[in-house]
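Asker: What follows is a structure written as structure tokens; I'll ask about it next.
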Amino acid sequence: MQDLRQKAKNILFIDIETVSGKASLDLFDERMQEQWERKAINIRNDDHVSAFDLFYRRAAIYSEFGKIICIGVGALYWTSSDDNPRFKVKTIAGDDERTILLEFKELLEKYPQNQLALCAHNGKEFDFPYLCRRMLINKIKLPESLQISGKKPWEILHQDTLDMWRFGDYKSFAQLDLLAALFGIPSSKSDISGEDVTRVYYAEKDLARIRRYCKEDVVVLAQLWLCLNQYETIKPELIVRAE
């Protein structure tokens, strides 16, 4: 167990929830609308919907046209009473993306920046670059731990459970929910999935529901990380979901 304590030290497990930057494409200025129409030409569109409708469906995954509305953050910890690892997860969420990012940055900077490792599923291709780009767009100076542009892979401490699962096979993509099913980890998708977030945010205005979903994704992520490192998962009663 001491090995796990050392391995998990200064690791934050994260997940971001993103939506289209506006409720509708026509709420962007004309210049950005034109840029989306150019982008839409190269996006897979099996239903052959218009660029306008495609925006609502797909813009959330592109940092240039989406925004972050929720960041889930969790960490393993131990108490003096026993050796069982515990896990605490919270969310930072709201309508003002800049406020969310500033609070997240403040949290990151409580850790030694040259030792902090973020862990996400598909984090290398999605969560980490999305966070960096949205911080720059919001004119927020990147914390040292997110100054990863141009660095060599071995200079970056951040971890990616998808990368761990691939074992060097970069043709393969496995969703978090698939790996959770393989390892017998309870799913976070019982209520909504990532595809529902934009609708739940704009149409239903239910940010609380998104926060709950994001927390559960972070719990699944941490449990998967433990499995991939060949440790026992956290007992349900030892998981703390903070407000």
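The values are calculated or read from the model by the stated rules, or taken from the named source; none is laboratory data. Quick caveat, the model's predicted, so the values are computed rather than measured. Using ideal geometry, Cβ is built from the backbone for each residue, glycine included, and neighbour counts are taken over all protein chains shown. Surface areas here come from the heavy atoms of the whole protein model, side chains and all, with no ligands, DNA or RNA. Shrake-Rupley method; radii C 1.70, N 1.55, O 1.52, S 1.80 Å.
Asker: When residues of the range 58-79 are filtered for being in contact (Cβ under 8 Å) with a residue 60 or more places away in the chain and of a type in the set (D, E, K, R), how many remain?
Answerer: 2
Asker: I want to confirm something. Restricting to the range 4-49 and keeping residues that are in contact with a Gly (Cβ under 8 Å, 6 or more places away or on another chain) and β-branched (V, I, T), which single residue is farthest from T198 (Cα to Cα)?
Answerer: By that ranking, first place goes to I14.
Asker: Filter the range 36-49 down to residues that are in a loop (DSSP other than H, G, I, E, B) and within 26 Å of F128 (Cβ to Cβ) and give me whichever is most open to solvent (accessible area, probe 1.4 Å).
Answerer: Among them, the one singled out is R44.
Asker: Restrict the check to the range 50-65 and report whether at least one residue is in contact with a Leu (Cβ under 6 Å, 6 or more places away or on another chain), outside any strand (DSSP E or B) and under 16 Å from E195 (Cα atoms).
Answerer: Among the residues of the range 50-65, at least one is in contact with a Leu (Cβ under 6 Å, 6 or more places away or on another chain), outside any strand (DSSP E or B) and under 16 Å from E195 (Cα atoms), which makes the answer yes.
Asker: Any idea which residue in the range 173-187 is farthest from the chain's Cα centre (by Cα), counting only those that are farther than 19 Å from D127 by Cβ and small (G, A, S)?
Answerer: For the range 173-187, the residue satisfying everything is G184.
Asker: So is R58 within 15 Å of Y130 (Cβ to Cβ), open to solvent by 50 Å² or more (accessible area, probe 1.4 Å) and either of a type outside the set (F, W, Y) or over 25 Å from the mean Cα position of the chain (by Cα) (or both) or not?
Answerer: Considered against the rule, which asks whether it is within 15 Å of Y130 (Cβ to Cβ), open to solvent by 50 Å² or more (accessible area, probe 1.4 Å) and either of a type outside the set (F, W, Y) or over 25 Å from the mean Cα position of the chain (by Cα) (or both), R58 comes out as yes.
Asker: Within the range 36-47, take every residue that is at pLDDT 90 or above and under 25 Å from the mean Cα position of the chain (by Cα) and give me the one that is nearest to I137 (Cα to Cα).
Answerer: Checked the range 36-47; the qualifying residue nearest to I137 (Cα to Cα) is W36.
Asker: Still on this structure, I have one more. Can you tell which of T91, T79, T99, T18 is within 22 Å of D206 (Cα to Cα) and surrounded by fewer than 19 Cβ atoms within 10 Å (Cβ to Cβ)?
Answerer: The match here is T99.
Asker: Then there's this: Name the residues in the range 115-125 that are open to solvent by 20 Å² or more (accessible area, probe 1.4 Å) and within 13 Å of I71 (Cα to Cα), would you?
Answerer: Selection gives nothing.
Asker: Of the conditions (1) in a loop (DSSP other than H, G, I, E, B); (2) under 13 Å from the mean Cα position of the chain (by Cα), V73 satisfies every one except a single condition; which number is it?
Answerer: Tallying (1) in a loop (DSSP other than H, G, I, E, B); (2) under 13 Å from the mean Cα position of the chain (by Cα), V73 fails exactly one: (1).
Asker: Is it true that K110 is surrounded by fewer than 20 Cβ atoms within 10 Å (Cβ to Cβ) and outside any loop (DSSP other than H, G, I, E, B)?
Answerer: Judged against the criteria, K110 is not a match.
Asker: List every residue pair whose Cβ atoms lie under 6 Å apart, where the two residues are 6 or more positions apart in sequence or sit on different chains, the first residue falls within the range 214-233 and is under 11 Å from P186 (Cα atoms), and the second residue, located anywhere, is small (G, A, S) and buried (at least 21 other Cβ atoms within 10 Å of the Cβ).
Answerer: Pairs found: E216/S188; D217/S188; V220/A180; V220/S188.
Asker: Looking at L136 and the list (1) surrounded by 16 or more Cβ atoms within 10 Å (Cβ to Cβ); (2) hydrophobic (A, V, I, L, M, F, W, C); (3) at pLDDT 95 or above, which single condition is not satisfied?
Answerer: (1)
Asker: Scanning for something without any contact (Cβ under 8 Å) to a residue 12 or more places away in the chain, in a helix (DSSP H, G or I) and either closer than 30 Å to A75 by Cβ or under 23 Å from the mean Cα position of the chain (by Cα) (or both), does the range 17-35 turn up at least one residue?
Answerer: no
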